[in-house]
Amino acid sequence: MTNAQASLAHLYRVFTKPEGQDSKLAQIERHLSDNLADFLSRHVVASNRSLEDIEQDFNQSLIPEQPQFVSEHAEQLLDKLVAHSVNTYSPRFIGHMTSALPYFHLSLAKLLVGLNQNLVKIETSKAFTPLERQVLGMIHRLVYKHDDSFYQQYLHNANRSLGSFCSGGTIANISALWVARNRLFAPRGQFRGISQDGLLAGMQEYGYQKLSVITSRRGHYSLGKAVDVLGLGRQSLLTLPCPNQTLDPQLALKEGQAILAQGGKVMALIALAGTTETGHIDPLDELADVAAELGCHLHVDAAWGGATLFSRRYGGLLKGIERADSVTLDAHKQMYVPMGAGMVLFKDPDAGNQVRHHAQYILRQGSKDLGATSLEGSRNGMAMMLYASLHILGRNGYELLIDQSIEKAKAFAAMIEAHPHFQLTTSPVLCLLTYRYVPQAVQERLLVEPQLANSLHPLLDELTVAIQKHQRESGHSFVSRTRLETQDYPQQAINVFRVVLANPLTSADDLTEILAEQHRLAVTLPQFRQVMEALG
Ligand SMILES: *Cc1c(COP(=O)(O)O)cnc(C)c1O
């Protein structure tokens, strides 16, 4: 193997733009993009090489001493990495919220990396900062529907912010609860506020016996991380049972009042607009009433489901979202923007000031640096990707994408219900559904002897796991799985397949084939025999 020379001249060359159309780098670039196009156009979801084998390719702990030629390194990346990554662009990859992207993002990504802007401060981003503020304003208007004069007043206001852009829903949820926490423990008298004096002093000053955040069992795991980093502790997150998949406002009110009666305080009520596991939407309007009654912050986690607002037909499902104090939205989910594009939006443009932070060399008083109110520091100009998408697709384009995904999910649900060996476990509200494989003979027996469910469910659970694993390993298609209580089985969680229909290119034929593959796999498995034997 020939290595490049580690000379200063060589290193300078690495930073110098190569000349000419047919420079070596241009050839490498073409080679890489040809390979990428080839990879993405294949229907296979993943290679069948085992993870343990792949780990052998990545078991070095020493940094290579000598530099390597880019061409040589590119070949290594293709062989070791690209060939064994997951083809999230495959129309038969229908298990997660990560999906195919419109191809124009590939060209834009080059621009983004090429410019390498840092949005933490205007000195390293200039036009990118007003662009990001405009994007936040557009999404804010989609959610809160204020008029022109509101946005004229706040879009580029140095002392206000409509929200903040961040790497994803997790950071957005933490940011929202950070604001809620700091507003609850505002400075008064000798107390300088929680951001100065801390949680213990805040609890003493306000005399709260305990502090809670209420959500449903379908709340995203990032909420647990949020109460952890904010110093409340995971025990403070109350996750209420929701066998019909949405948070019951009566139950939330009752639990909240119980906390108040114990001398506690509810810091926030968190409603979901599109749960990660089943895609259900909590009754936002009624939960806004509950939050008002409890005197707490209402946060709506619409990381995945928020894009439904683009649709005139389905946007009404999120009625009441405009009453939320804060909203989380991920552009890298149903807005088809590359990963690293989350947003938190605030109803009150003054809310961001609860967490405003200044430093001497940047983020000075009165500056419009976005870093002054964001949790993250250095951050790329991902807002440009959303800005471009909003223009290239337009609201009408997004509406079409949302509508056709939901309608496809409804069609898939009908296919599952019509199939003798499958059972729909949660119907799609948006483009997400869950189902499981239950052999027809088992379904018929359960109808006449429902008490058999106790012994059959654990076996069906194992069968579901085995089918999902084998399907994933064979690499032709992918559905995910989860475990949840459903309306039919409110007491006992069951394992189910989970499908997210994100790729607009997924066809009815793809879906038919995915069910057929699961059925073919199922009947060969020992777990299938065990289920049938249990029938006697
Ligand atoms: C995806 C998701 C999150 C977390 O978002 P990341 O971008 O993965 O950090 C939070 N809440 C909900 C409801 C989600 O679907």
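Per-structure values
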{"item": "Selected residue [part of a loop (DSSP other than H, G, I, E, B) and surrounded by 24 or more Cβ atoms within 10 Å (Cβ to Cβ)] from Thr308, Thr275, Thr328", "result": "Thr275"}
{"item": "Candidates Ala83, Ala46, Ala127 - the one that is among the aliphatic types (A, V, I, L, M), under 30 Å from Ser405 (Cα atoms) and out of contact with any His (no Cβ under 8 Å at 6 or more places or on another chain)", "result": "Ala83"}
{"item": "Selected residue (criterion: nearest to the chain's Cα centre (by Cα)) from residues of segment 483-495 that are crowded, with 17+ Cβ neighbours inside 10 Å and not in a loop (DSSP other than H, G, I, E, B)", "result": "Leu484"}
{"item": "Yes/no for Ala258 being in contact with a helix residue (DSSP H, G or I) (Cβ under 9 Å, 6 or more places away or on another chain) and of a type outside the set (Asp, Glu)", "result": "no"}
{"item": "Residues satisfying the stated conditions in segment 3-19, i.e. among the β-branched types (Val, Ile, Thr) and in a helix (DSSP H, G or I)", "result": "Val14"}
{"item": "Filtered residues of segment 164-216 (kept if among the hydroxyl-bearing types (Ser, Thr, Tyr), away from the ligand (no atom under 15 Å from the Cβ) and in contact with a strand residue (DSSP E or B) (Cβ under 9 Å, 6 or more places away or on another chain))", "result": "Tyr206, Tyr208, Ser212"}
{"item": "Among residues of segment 154-163, those that are closer than 14 Å to Gln134 by Cβ and either surrounded by fewer than 24 Cβ atoms within 10 Å (Cβ to Cβ) or within 16 Å of the ligand (Cβ to nearest atom) (or both), counted", "result": "5"}
{"item": "Output for segment 339-360, where each listed residue is away from the ligand (no atom under 16 Å from the Cβ), surrounded by 22 or more Cβ atoms within 10 Å (Cβ to Cβ) and modelled with pLDDT of 95 or more", "result": "Phe346"}
{"item": "Tally of residues being of a type in the set (A, V, I, L, M) and over 16 Å from Leu136 (Cβ atoms) across segment 322-354", "result": "1"}
{"item": "Residue selected from segment 496-525 under the condition free of Cβ contacts under 8 Å to residues at least 40 places away in the same chain and not in a helix (DSSP H, G or I), by the criterion farthest from Ala418 (Cα to Cα)", "result": "Thr524"}
{"item": "Within segment 206-227, tally of residues that are in a helix (DSSP H, G or I), under 17 Å from the mean Cα position of the chain (by Cα) and farther than 18 Å from Ala291 by Cα", "result": "4"}
{"item": "Looking only at segment 76-111, and only at residues there that are part of a loop (DSSP other than H, G, I, E, B) and touching a Lys or Arg at 6+ places or on another chain (Cβ under 7 Å), the one that is nearest to the ligand (Cβ to nearest atom)", "result": "Met97"}
{"item": "Failed condition for Glu55, given (1) modelled with pLDDT of 95 or more; (2) in a helix (DSSP H, G or I); (3) more than 27 Å from Ser474 (Cα to Cα)", "result": "(3)"}
{"item": "Candidates Gly207, Gly219, Gly263, Gly198 - the one that is in contact with a Leu (Cβ under 9 Å, 6 or more places away or on another chain) and modelled with pLDDT of 95 or more", "result": "Gly219"}
{"item": "Elements of type helices (runs of 4 or more DSSP H) contained in segment 380-481, each with 3 or more residues being touching a residue at least 40 places away in the same chain (Cβ under 8 Å) and within 30 Å of Leu119 (Cβ to Cβ)", "result": "383-392, 394-418"}
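Residues checked against (1) within 16 Å of the ligand (Cβ to nearest atom); (2) at pLDDT 95 or above; (3) part of a helix (DSSP H, G or I):
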site: Gly231; (1), (2), (3): no, yes, no
site: Leu247; (1), (2), (3): yes, yes, no
site: Glu255; (1), (2), (3): no, yes, yes
site: Leu269; (1), (2), (3): yes, yes, no
site: Ala291; (1), (2), (3): no, yes, yes
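A quick yes/no check of all residues on (1) in contact with a Gly (Cβ under 7 Å, 6 or more places away or on another chain); (2) under 16 Å from Ser374 (Cβ atoms); (3) among the β-branched types (Val, Ile, Thr):
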| residue | (1), (2), (3) |
| --- | --- |
| Lys126 | no, no, no |
| Leu131 | no, yes, no |
| Val135 | no, yes, yes |
| Arg141 | no, no, no |
| Tyr144 | no, no, no |
| Phe150 | no, no, no |
| Tyr154 | no, no, no |
| Ser161 | yes, yes, no |
| Arg188 | no, no, no |
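Listed here are the residues, each with its yes/no results for (1) closer than 19 Å to Met97 by Cα; (2) in contact with a helix residue (DSSP H, G or I) (Cβ under 8 Å, 6 or more places away or on another chain).
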residue	(1), (2)
Val438	no, yes
Arg445	no, yes
Asn454	no, no
Thr464	no, no
Val479	yes, yes
Leu505	yes, no
Asp509	no, no
Arg529	no, no
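The values are calculated or read from the model by the stated rules, or taken from the named source; none is laboratory data. Bear in mind the structure is a predicted one, so any value in this text is a computation, not a measurement. Using ideal geometry, Cβ is built from the backbone for each residue, glycine included, and neighbour counts are taken over all protein chains shown.
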